[in-house]
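Bear in mind that the values in this text are calculations on the coordinates, not laboratory data. In this text the structure is predicted, and so the values were computed from the model without any measurement. A quick note on method: Cβ atoms are made from the backbone with ideal geometry, for glycine too, and the neighbour counts reach across all protein chains shown.
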Amino acid sequence: MLLDWLKNDCLLNVTSCEAASNDASFRRYFRVQIEGKTFIAMDAPPDKEDIVPFMHIANLFKHANVNTPTILQHNLNDGFLLLEDFGSQWLLDSLNEENATMFYKNALHALLPLHTNENLLNADLPFYGETLLRLEMSLFEEWFIEQLLDVELPQNLWENVQTCLVKSALEQPTVCVHRDYHSRNLMVLPNGELGVLDFQDAVLGALTYDVVSLLRDCYVDWSSDKIEMWLHDYLQHLQRRKVTHVDFSQFKRWFDLMGMQRHLKVCGIFARLHLRDDKPDYLKSIPRTLNYILQVCGAYPELHEFQQFLQQQILPQWQKQFFNLKL
């Protein structure tokens, strides 16, 4: 149906069509060639995915000077979009020790419009409040702890962890949050700039969410020294633009605890992708994600009890499961 739409409804001369990338959602992407140029065609089944938020956020971000792909054609009934092609060079595949600082400087610079543009703050976007924060963390309990590992999470302990993380998130300045800003959603373009993908779940929420998504990426990790250097540089940009006036110690605490909330959620999502959607490859990123959680727990006394629970109850069970899967 996608090809039929492009050829017969859009009257485009499509000469080739091939799968472009896999996605953690139900969306599928195809690279199509039309009169010697390549484009991306999205197929989002309407009963599974709604392309209206994608189109809405793409328009908002374009007007805020965020480099998102231009939408060239759309079909709301069938969930089809024809998009500008940002190529196939993920930031993840381009990173090395020598160029990391340059790329992360560019990626953080690309974040500034989300954190400083007044029009985005006034846009009709959902608020990333306590309800959504807790709903996301429940994925860790349901899918990773209970469904994957068959372990029971002590409720008093779990409530204390959630309360701590929610409190930290809600005391931060509110900005536009991409919500999945990392090396597999940033493309290195031929001109050296970065293109931004997978932005349709944008919300208004905590200042550090996208920063920690990028710097404590579930698909690649860096030394603490590098992360602190990049984080300190970004805080200076925010201070100059009067987004926040907190010192680095407070900003780092926000960053750490926001990252823990995200990584709890992501562990749950990776487990769900395996159990529900038959996508086991995402489990390979759980060890790195769990390690981030343990690092943060070790840095803050109020999380030490949760760290002990993870080390004594969760890690042995996870290691047994991971070994048996033979990924």
TODO: Please work out the C-alpha center-to-center distance from the range 268-295 to the range 140-182 and express it in whole Å.
DONE: 15
Task: Spin-label model distance (nm) - Gln313 vs Gln147, 7 Å beyond Cα toward Cβ - done: 2.0
Task: Selected from Val220, Gln200, Gln319, residue furthest toward positive end of dipole (the chain; charges at beta carbon) - done: Val220
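When the dipole is taken about the Cα centre of the range 37-110, and only Lys, Arg (+1) and Asp, Glu (-1) are charged at their Cβ, what size is it in debye, to the nearest 20? Could the numbers behind the result be given before it?
Values: 4 positive and 10 negative charges, 64 e Å.
My answer is approximately 300 debye.
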Task: Mean-position separation - Cα centroids, the range 191-243 and the range 76-112, in angstrom - done: 13
- [ ] Please pull out the direction-averaged projected area of the range 2-84, using the convex hull of its alpha-carbon atoms, in nm² to one decimal place.
- [x] 5.6
Open item on the list: With the cut-off at 1.5 for a/c, could you classify the range 91-325 from its C-alpha gyration tensor as rounded, prolate or oblate?
Closed with: prolate
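Which of the peptides 1-11, 67-77 is most tightly packed, and how do the rest follow, going by the mean number of other Cβ atoms within 10 Å of each residue? Don't jump to the answer; show the numbers that get you there.
Working: 1-11: 13.9, 67-77: 15.5.
Ranking, from highest mean packing down: 67-77, 1-11.
If contacts are Cα pairs under 8 angstrom and at least 6 residues apart, what is the relative contact order of the chain in percent?
Values: 466 pairs, mean separation 52.8, N = 327.
For the chain, the relative contact order is 16 percent.
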Open item on the list: I'd like the FRET efficiency for Asp225 and Asp50, computed as 1/(1 + (r/R0)^6) with the beta carbon distance as r and R0 of 45 Å, rounded to 0.05.
Closed with: 0.60
Task: Inter-label distance, nm, simple model (7 Å from Cα along the C-beta direction), Arg134/Lys242 - done: 3.6
- [ ] Go through the range 93-106 residue by residue and turn each phi into a ³J(HN,Hα) via Karplus (6.51, -1.76, 1.60, θ = phi - 60°); whole Hz please, and just put x for glycine and proline.
- [x] 7, 9, 6, 8, 4, 6, 9, 4, 4, 4, 5, 6, 4, 5
Task: Given charges at Cβ of Lys, Arg, Asp, Glu: the range 142-270 dipole, positive-most of Met260, Val246, Val166 - done: Val246
- [ ] Per DSSP H run of at least 4 residues, take -39500 (n - 2.57); add these up for the chain, divide by its residues and hand me the 222 nm value, nearest 500 deg cm²/dmol.
- [x] -14000 deg cm²/dmol
- [ ] Any of Lys252/Lys320; Lys105/Lys242; Lys7/Lys37; Lys105/Lys252; Lys279/Lys320; Lys37/Lys105 with alpha carbons more than 22 Å apart? Name them for me.
- [x] Lys252/Lys320; Lys37/Lys105
Task: Fraction of alpha-carbon pairs over 19 Å apart in the range 121-181 - percent - done: 42
- [ ] Please give, to one decimal in nm, the separation of the simple spin-label points placed at Phe127 and Asp278, each 7 Å out from Cα toward the Cβ.
- [x] 4.2
